[in-house]
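K.L.:
Right, I'll just put the structure down here and ask away after.
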Amino acid sequence: MTQLGRIVIVGGGLAGLATANALAKFGMKAEVYEAAPMLGEIGAGVNTSPQANKALIAIGLGDKISAVGWSAPGAYTRNMETGEFLEFADRAKTSAKYGAPYYTFHRADLLDALASGLDPVTIHLGHRLSAIEDRGAAVTVTFTNGVTVEADMVIAADGVRSVVRQALYGDDNPTYTGQMVWRALLKGSDVPKEVMEPTGYVQWVGSGRHLNAYYLRGGEVINIVTQEDTDQWVDEGWSTSGDPDAMRRSFPNAEPRLERLLRCVTDCSKWGLFTRPLTDNWGRGRIQLIGDAAHAMLPNAGQGACQAFEDAYILARWMDAERDPVKAFANFRRVRIPRVHAVQRLAIARAKFKHMQDSAAQKELITSGQRSGSVSSDWLLGFDPVADWDKDPVVPN
Ligand SMILES: Cc1cc2nc3c(=O)[nH]c(=O)nc-3n(C[C@H](O)[C@H](O)[C@H](O)COP(=O)(O)OP(=O)(O)OC[C@H]3O[C@@H](n4cnc5c(N)ncnc54)[C@H](O)[C@@H]3O)c2cc1C
């Protein structure tokens, strides 16, 4: 195929780099402009589910991600105070059912894997977008370092605080969700094996909060990420350093395994969760928003990055199929918006379920199968981005 025109991607995070790889797969070259002086993510974990990995594999990144990803055979859920076993999510079985793996990654490893598939001269670091102007036949982007670039189309992957979104839709700041996150990385060898269950993946749920702990890099590192309902304002950003004792105090009456895990934390950070309501404002004309810039969501379904990877593959398919970016972007939005809205609704339902005040009622919902918001539904994980990239998605009512 021949180049569709000059393609600019704003933002070299998970969405932007995956999309640059997907475009390259279909013979299109994009220039990526990233604000940070270096590519890299603060250390943390990210999980990807089978349908998102199908997209990454179809993009040609299968070997690179399998080299740095780890597949936990399953995830245990326990009550935070009693330690009562509530549920086992058999990831090995689900992977076999849907024909693709789950992975957990250290974010820095995943970002490196995505970057290593690209020609380094196409990644322009230290370019923070400050303005964008759609002039009908072309788009001009301007960066704070004084550089101006003309493009035939712009893909905005500049995250939840997208400057492109603001330019298109005005004052559309994400708002504090009333939920904050604690995050910590531990050395795997510091934590007794029985704490992490046989699979190296465990979740404790309780009143108004939950905590996930899982192996990264095959157990060399343990990622802890929590979520807690709180009115207390917390800044956004992984790097707001936190007090390990304050983190421990967030989990009063922790059952013995959880208490042992928390005792190992010597360094942590905290993050306020910000998001915005579901919206169809995903771009127009020659400008297309993807990833968190289009559809920031609560992390409860573990799908923010997964949806960005679906975006990457499906956007590239439409750009390959249509010779016109305006048509390609409109078709992309037609098939993506209903599906991503369903995932955003699922994330909200999951947050309510995980933080239920009444643990007996919570258990009853699990055992009766009446729980709304299952993350192992066919419509979510059974989606095949390769076979169905151009079809209207099947979503729950
Ligand atoms: C606690 C937590 C846990 C999560 N766990 C998971 C999980 O397990 N699985 C999952 O699928 N998702 C998860 N997510 C969601 C996932 O992290 C995001 O959806 C994903 O990172 C979005 O990728 P992105 O590229 O759109 O945005 P980002 O990762 O935010 O990248 C945006 C990039 O744009 C750059 N940028 C910003 N502004 C500009 C500008 N003006 N000019 C140029 N560049 C700019 C930034 O520097 C950055 O590199 C989690 C989120 C949180 C908060």
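The values are calculated or read from the model by the stated rules, or taken from the named source; none is laboratory data. Fair warning: this is a prediction, and the values are worked out from it, not measured in the lab. Because the Cβ atoms are built from the backbone with ideal geometry, glycine has one as well, and the counts that use them run over all protein chains shown. The accessibility values were calculated without ligands, DNA or RNA, using every heavy atom of the protein model including side chains. Shrake-Rupley method; radii C 1.70, N 1.55, O 1.52, S 1.80 Å.
K.L.:
Leaving out ligands, DNA and RNA, and with a 1.4 Å probe, what % of the accessible surface on region 69-141 is carbon or sulfur?
P.N.:
52
K.L.:
Using the basic label-point model (7 angstrom from Cα toward the beta carbon), what is the residue 93 to residue 6 distance in nanometres?
P.N.:
5.5
K.L.:
Another question, then. Quick one, what does Rg over Rh come out to for region 29-159 if you take C-alpha atoms and the Kirkwood Rh?
P.N.:
My calculation puts Rg/Rh at 1.11.
K.L.:
Quick check for you: with a 1.4 Å probe and neighbouring chains kept, what is the accessible area per residue of the chain, in Å²?
P.N.:
That works out to 40 Å² per residue.
K.L.:
When the Cα centres of region 134-166 and region 266-283 are compared, how far apart do they sit, in Å?
P.N.:
First find each Cα centre; the distance between them is then 22 Å.
K.L.:
Once you have the Kirkwood Rh of the chain from its Cα pairs, apply Stokes-Einstein at 20 °C and 1.002 mPa s and quote D in µm²/s.
P.N.:
D = 100 µm²/s.
K.L.:
Considering only protein heavy atoms, what is the solvent-accessible area of residue 66 at a probe of 1.4 Å, reported in Å² to the nearest 10?
P.N.:
Around 60 Å² of this residue is reachable by solvent.
K.L.:
Which order do you get for 95, 189 if you rank them by accessible area with a 1.4 Å probe, largest at the top?
P.N.:
189, 95
K.L.:
Sticking with this structure for a sec: With +1 assigned to the C-beta of every Lys and Arg and -1 to the C-beta of every Asp and Glu, and no other charges, what is the dipole magnitude of the chain about the Cα centre in debye, to the nearest 20?
P.N.:
It comes to approximately 480 debye.
K.L.:
Suppose R0 equals 25 Å. What FRET efficiency, 1/(1 + (r/R0)^6) with r the Cβ-Cβ distance, do residue 125 and residue 284 give to the nearest 0.05?
P.N.:
Approximately 0.30, to the nearest 0.05.
K.L.:
Let me have the 222 nm mean residue ellipticity of the chain computed from DSSP H runs of 4+ only, each contributing -39500 (n - 2.57), with the sum over all residues rounded to the nearest 500.
P.N.:
It lands at -10000 deg cm²/dmol.
K.L.:
So, one more: If you rank 26, 309 by how much accessible surface each has, with a 1.4 Å probe, what is the order from largest down?
P.N.:
26, 309
K.L.:
List the residues whose amide H sits under 5 Å from the amide H of residue 9, counting only those 5 or more places along or on another chain, with H placed 1.01 Å from N in the peptide plane.
P.N.:
Here the answer is 31, 32, 33, 155, since their amide H atoms fall under 5 Å of that of residue 9.
K.L.:
Which residue, 189, 27, 127, has the largest displacement toward the positive end of the dipole of the chain when charges sit on each Cβ (Lys, Arg +1; Asp, Glu -1)?
P.N.:
Highest projection toward the positive end goes to 27.
K.L.:
From the protein chains alone at 1.4 Å, what is the descending order of accessible area for 162, 377, largest first?
P.N.:
Sorted descending by solvent-accessible area, the residues read 377, 162.
K.L.:
Then there is this: Using the Cβ atoms and a cut-off under 11 Å, what net charge is assigned to the surroundings of residue 282, where Lys and Arg are +1 and Asp and Glu are -1?
P.N.:
+3
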